[in-house]
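Chemist: What follows is a single structure, and I will ask about it in a moment.
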Amino acid sequence: MFVPNADPDRKAMLKTIGVERIEDLFTDVPEGYRFPKLNLPEALSEMEAYAHLSELAQANSSVRDLTCFLGAGAYHHYIPAVVDAIIQRGEFLTAYTPYQPEVSQGTLQAIFEYQSLMALLTGMEVCNASHYDGATAAAEAVIMAYHHFRGKRTKVLVSHALYPQYRATIRTYMQGYTQLTITGDECTDCDPLAGPEALLRAIDTNTALVIVQYPDFLGRIYDYTELANAAHQAGALFAIAVNPIALGLLKPPGEFGADIVIGEGQPLGIPLSFGGPYLGIFATRKEFVRKIAGRLVGETVDQDGKRAYVLTLTAREQHIRREKATSNICSNQGLMALASTVYLSLLGKQGLRQVAELCYQKAHYAADLISQIPGYTVCSNAPFFHEFVVCCPKPVSEINQALLEYGILGGFDLSTDYPGLKNAMLIAVTEMNTREEIETLRDVLEDISHE
């Protein structure tokens, strides 16, 4: 915090604490490290700083400037104006944790509504609030499963069609669990377009958790009922990573028999923002409620019989004994949870389905057009939601560079994560893409193929 103080104020404060100069406050720091010379530019006035930062910001191109067909985990959706209007209210904008429920009823109710909406959306019984993003939620699912079995099961099966950042974050989180084996996520020798059959064959009595994605990273939709049954028959837990917008149209994962549902909440009223802050969804069955990280808000009545909200379970080490805590997740994502709550409340059941249907129909229209261009094919025959893989006649990096010249942000280059998918692009289409934009993409891709 910057607090401007006049010289008389500084002198009065120094006199009160018994020193003559500000420099005297640093006498405990070794002399050679007290006041190092820093290579900093000259100070700027507020007006100059604002002009400089504005100039830097204008160097960034965003989805406001480009037609976006890039997804791969973060998506360009329409955000109603009322979302920002509500989350910017002073009582919500603060990041402070609601320790005192008697004065935090608004924040607690918002968290309770978020939990309720997510439980309905996923078909689960309990949802926390919340995680930093979908990747950290995925890692927490692995940790929960490991501790559920008290370390006696040491294998986690992760689909190679799970978001790459989820897979990487899981491995980073679990580095200290040397006895735990993460397998199935690397696809150096496998067919990247293969379905979940390999996971089905790999399940055994040492498996603690099986994680898949729905729709998966390559956009495909699978019915995971058989896989869930196989996991449960082996005594393992089953987790599904979801795109919450797709759940407006698709069967909820709770009906597949999922024990844990994780996902990225960014599509629900949260802007792309060059990568964050985002929202990690984590829902599970009631029997695992004491093993999840994050916080749970419950509904009760006060001494007058009026409805009230309380922190029912708080698994932070700040609230309970450290050895009993499951995480240090705190209120930093409360604002993002509120944004998604406002978004879902505005749309309602029918509105969310309408958004999902627009994404689905527009994506299939785009896939039909692109597949008619010589040299371009939709690589998979599996059903898809609003992302699909296109095999291209040139390296994707070259195509995307050419698309930028037309003001189009192209799809995700899959060759980085899947060596077997050379010249393959993952294209995402949302309700924000107009018919004209989709047809322009088709025309530009066709022109590029002739160059």
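The values are calculated or read from the model by the stated rules, or taken from the named source; none is laboratory data. Predicted model only: the values in this text are computed from it and were never measured. For neighbour counting, all protein chains shown are included, and Cβ atoms are generated from backbone atoms with ideal geometry for every residue, glycine included. In case anyone asks, the SASA skips ligands and DNA or RNA and just uses the protein heavy atoms, side chains included. Shrake-Rupley method; radii C 1.70, N 1.55, O 1.52, S 1.80 Å.
Chemist: Using a simple spin-label model with points 7 Å from Cα along the Cα→Cβ vector, what separation in nm is obtained for GLU405 and ARG285?
Modeler: 5.7
Chemist: Hey, another quick one. Just tell me the longest site-free run in the chain, where the sites are trypsin sites (Lys or Arg not before Pro) in a DSSP loop having at most 13 other beta-carbon atoms within 10 Å. Display every interim value, and only then the final one.
Modeler: Values: sites that count: ARG21, ARG34, LYS37, ARG64, ARG89, ARG150, LYS152, LYS306, ARG321, LYS422.
My reading of the result: 153-305 is the longest stretch.
Chemist: Given only helices, namely DSSP H runs of n ≥ 4 each adding -39500 (n - 2.57), what is the per-residue ellipticity at 222 nm of the chain, to the nearest 500 deg cm²/dmol?
Modeler: Estimated from H runs of four or more residues: -11000 deg cm²/dmol.
Chemist: Amide H to amide H, which residues 5 or more places from GLY257 or on other chains are under 5 Å from it, using H placed in the peptide plane?
Modeler: none
Chemist: Sticking with this one: What length, rounded to one decimal in nm, is gained on full extension from LEU200 through to GLU125, with 0.36 nm per residue of separation minus their alpha-carbon distance? Walk me through the intermediate numbers first.
Modeler: Working: separation 75, 0.36 × 75 = 27.00 nm, distance 2.59 nm.
24.4 nm is the gain from fully extending LEU200 to GLU125.
Chemist: Hey, another quick one. How large is the accessible surface per residue of the chain, computed with a 1.4 Å probe and reported in Å² as a whole number? Walk me through the numbers before you get to the answer.
Modeler: Working: 23330 Å² over 451 residues.
The answer is 52 Å² per residue.
Chemist: Between SER62 and SER273, how many nm apart are label points set 7 Å from Cα along the C-beta direction?
Modeler: 1.2
Chemist: Moving on. Excluding residues on the same chain fewer than 8 positions from LYS291, give the lysines whose Cα lies under 21 Å from its Cα.
Modeler: Reachable lysines: LYS152, LYS155, LYS324.
Chemist: About its Cα centre, how strong a charge dipole does the chain have in debye, to the nearest 20, once Lys and Arg get +1 and Asp and Glu get -1 at the Cβ?
Modeler: On the way: 35 positive and 52 negative charges, 373 e Å.
Once rounded to the nearest 20, the dipole reads 1800 debye.
Chemist: When percent of Cα pairs over 43 Å apart is calculated directly from the model, which label among (1) 14; (2) 24; (3) 40 fits?
Modeler: This structure yields the entry labelled (2).
Chemist: Summing Lys, Arg as +1 and Asp, Glu as -1, what charge do residues with Cβ under 13 Å from the Cβ of SER397 carry, SER397 excluded?
Modeler: Values: positive: LYS394, LYS422; negative: GLU398, ASP413.
Around SER397, the surrounding residues sum to 0.
Chemist: Okay, next question. Enumerate the calculated ³J(HN,Hα) couplings along the range 403-410 in order (Karplus 6.51 cos²θ - 1.76 cosθ + 1.60, θ = phi - 60°), each rounded to whole Hz, writing x wherever the residue is Gly or Pro.
Modeler: Running phi through 6.51 cos²θ - 1.76 cosθ + 1.60 with θ = phi - 60° gives 4, 4, 5, 9, x, 10, 8, x Hz.
Chemist: Applying 1/(1 + (r/R0)^6) with R0 = 25 Å to the Cβ-Cβ distance of THR312 and GLN350, what FRET efficiency is obtained, to the nearest 0.05?
Modeler: Details: r = 31 Å, r/R0 = 1.24.
With R0 = 25 Å, the Cβ-Cβ based efficiency is 0.20.
Chemist: In the neighborhood of TYR166, defined by Cβ-to-Cβ distances under 12 Å, what is the net charge if each Lys or Arg adds +1 and each Asp or Glu adds -1? Intermediate values should be presented prior to the final figure.
Modeler: Details: positive: ARG167, ARG171; negative: ASP133, GLU140, ASP185, ASP216, GLU264, ASP417.
Surrounding charge for TYR166 is -4.
Chemist: Mind checking which aspartates and glutamates have their Cα closer than 12 Å to the Cα of LYS286? Skip sequence neighbours fewer than 8 apart in that chain.
Modeler: Partners found: GLU125, ASP259.
Chemist: Which lysines, on any chain, are close to LYS394 with Cα under 23 Å apart, when same-chain ones fewer than 8 places away are left out?
Modeler: Partners found: LYS422.
Chemist: Explain nothing, just the number: relative contact order of the chain, from Cα pairs under 8 Å at least 6 residues apart, as a whole percent. Could you put the intermediate results ahead of the total?
Modeler: Values: 779 pairs, mean separation 92.0, N = 451.
Value for the chain: 20 percent.
Chemist: Going by alpha carbons, how many degrees (0 to 90, nearest 10) lie between the helix axis of 134-148 and the longest principal axis of the chain?
Modeler: Helix 134-148 and the main axis of the chain meet at about 90 degrees.
Chemist: Then there's this: Looking at the range 75-184, what % of the alpha carbon pairs are farther apart than 24 Å?
Modeler: In whole percent, the long-distance tail amounts to 46.
Chemist: Could I ask something else about it? Let me check I've understood the local charge: for GLU264, count other residues with C-beta under 15 angstrom from its C-beta, Lys and Arg +1, Asp and Glu -1. What total comes out?
Modeler: Values: positive: ARG167; negative: ASP133, GLU140, ASP216, GLU387.
Charge balance near GLU264 sits at -3.
Chemist: Sorting check: for 175-185, 337-347, 405-415, which peptide has the highest mean count of neighbouring beta carbons within 10 Å, and how do the rest follow? Walk me through the intermediate numbers first.
Modeler: Values: 175-185: 13.7, 337-347: 23.3, 405-415: 19.4.
Packing order, densest peptide first, comes out as 337-347, 405-415, 175-185.
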